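Values in this text are rule-based calculations from the coordinates and carry no lab data. The model shown is predicted, which means the values in this text are computed figures rather than measured ones. Positions of Cβ are generated from backbone atoms using ideal geometry, with glycine treated the same way; all protein chains shown enter the neighbour counts.
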Amino acid sequence: MYHQHLDWKKHIKRLKKERQFDQMYRMRYASFCKLLSLLSPVLKVDQLQAQRRPRGSGPISEELILHCLIRYMAGGLFHDIRVNAGMAKSTFFSAIHRGIDAVNRCPELSINFPTSRHDLKVVALEYQNKSSNGVLDGCVRALDGWLCRVQVPTQKETANISVYFSGHYQCYGVNVQALLQIQLTP
């Protein structure tokens, strides 16, 4: 089946006009472009493979791969994203895997943990200075959260079942937040 891919230039033009890019992608357009430039070496389209695609569909652009990856990782439903992007289900998941591979292979995005005591103290001080009232004392790295899906708890298990429902993900789960903190003593 033929799928008409999302016209990226028209999409961006519309989002900029409506001032909705930041909200849709949870980053500024300049940040998206910077991320795209970092991932492009891995996301580049193989022209030989692109020519094998059905006539008219054309290759999946690097921008479209990153669009799908960001929207999917932010909790978007794959059906909505792939239909909007004009992709078959298999193409969508192939794009997601390609995007994840690009992120994992990008040295600029790798997590580098400070190893010396001095570097740990410098990073901890930076976090403390950026936090409200210096509350992040001793923090050297912070990680985002994750929703661990669970079966709907029963009334016997919890007094308030609704607190386990995630409106964003439209399922029940426990929100897990991770924060790595090392106490630096003099």
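Here are some notes:
- Residue list for segment 8-26, filter: polar (S, T, N, Q) and surrounded by 11 or more Cβ atoms within 10 Å (Cβ to Cβ): GLN20
- Of all residues in segment 133-172, those that are touching a Pro at 6+ places or on another chain (Cβ under 9 Å), closer than 20 Å to GLY75 by Cβ and of a type in the set (A, V, I, L, M) total 0.
- Going through (1) over 15 Å from LEU66 (Cβ atoms); (2) in contact (Cβ under 8 Å) with a residue 60 or more places away in the chain one by one, LEU109 falls short only on (1).
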